[in-house]
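Asks: Quick one: the structure is below, and I'll ask about it shortly.
The values are calculated or read from the model by the stated rules, or taken from the named source; none is laboratory data. Because the structure is predicted, anything quoted here is derived from the model rather than measured. Here the Cβ positions follow ideal geometry from the backbone for every residue, glycine too, while neighbour counts run over all protein chains shown. With ligands, DNA and RNA removed, areas are computed over all heavy atoms of the protein, side chains included. Shrake-Rupley method; radii C 1.70, N 1.55, O 1.52, S 1.80 Å.
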Amino acid sequence: MSSIERRAYLRYNVSVPVTLVDQKGTRFNVTTKDISLGGMRIECESAQLAKLLPEGIQTAPGDLVIMTAEFNNSKTDESISLISHALGVLRLAESQFSVRFTFVDIDEVQQDQLQRLLNK
């Protein structure tokens, strides 16, 4: 049986520093495990996850966990701010979790900036 790739964008398995900013302005410095032009995945410990998503993750469309993902490309001196929302949390080990985010309303300029970051 063949596997069909359903992703709209190529996924890069790269560690990129990113600052997540919640709606209250709290900043979380994390690193991506993979990233694409459509979203990213991070890994974190349970203590950081509890701060990042204090009310847990909601799957109802009206209860999206919205954050701003801030990237800095030191090679080009560009800063990229992308609105994102958490899609899901996966437990990797007893106190290790993976969190998936999707980028919301990313425009062509932001896509170009993100592509330059990924091509560094």
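Asks: Just give me the residues in segment 42-53 being of a type in the set (Asp, Glu) and either within 19 Å of Leu118 (Cα to Cα) or crowded, with 17+ Cβ neighbours inside 10 Å (or both), in sequence order. Steps first, answer last, please.
Replies: Our first condition is that a residue be of a type in the set (Asp, Glu); within segment 42-53, this holds for 43, 45.
Answer for segment 42-53, where residues must be of a type in the set (Asp, Glu) and either within 19 Å of Leu118 (Cα to Cα) or crowded, with 17+ Cβ neighbours inside 10 Å (or both): just Glu43.
Asks: Which one of the conditions (1) part of a strand (DSSP E or B); (2) over 10 Å from the mean Cα position of the chain (by Cα) does Ile83 fail to meet, given that it meets all the rest?
Replies: For Ile83, the exception is condition (2).
Asks: Restricting attention to segment 86-119, which residues are among the small types (Gly, Ala, Ser) and either touching a Gly at 6+ places or on another chain (Cβ under 8 Å) or part of a strand (DSSP E or B) (or both)?
Replies: Here is the first cut: in segment 86-119, the ones among the small types (Gly, Ala, Ser) are 86, 88, 93, 95, 98.
Once the filter is applied, which keeps residues that are among the small types (Gly, Ala, Ser) and either touching a Gly at 6+ places or on another chain (Cβ under 8 Å) or part of a strand (DSSP E or B) (or both), segment 86-119 yields Ala86, Gly88, Ala93, Ser98.
Asks: If I filter segment 77-111 down to residues being touching a helix residue (DSSP H, G or I) at 6+ places or on another chain (Cβ under 6 Å) and in contact (Cβ under 8 Å) with a residue 40 or more places away in the chain, which single residue comes out as nearest to Glu55 (Cα to Cα)?
Replies: Among those that are touching a helix residue (DSSP H, G or I) at 6+ places or on another chain (Cβ under 6 Å) and in contact (Cβ under 8 Å) with a residue 40 or more places away in the chain, it is Phe97.
Asks: While we're here: Could you tell me which residue of segment 71-103 is most open to solvent (accessible area, probe 1.4 Å), considering only residues that are closer than 16 Å to Gln23 by Cβ and modelled with pLDDT under 90?
Replies: Checked segment 71-103; the qualifying residue most open to solvent (accessible area, probe 1.4 Å) is His85.
Asks: Something else about it: How many residues does segment 28-41 contain that are more than 25 Å from Glu108 (Cβ to Cβ) and surrounded by 12 or more Cβ atoms within 10 Å (Cβ to Cβ)? Show your work before the answer.
Replies: Within segment 28-41, the subset more than 25 Å from Glu108 (Cβ to Cβ) is 28-31, 33.
Applying the additional criterion that residues be surrounded by 12 or more Cβ atoms within 10 Å (Cβ to Cβ) yields 28, 30-31, 33.
Total meeting the criteria: 4.
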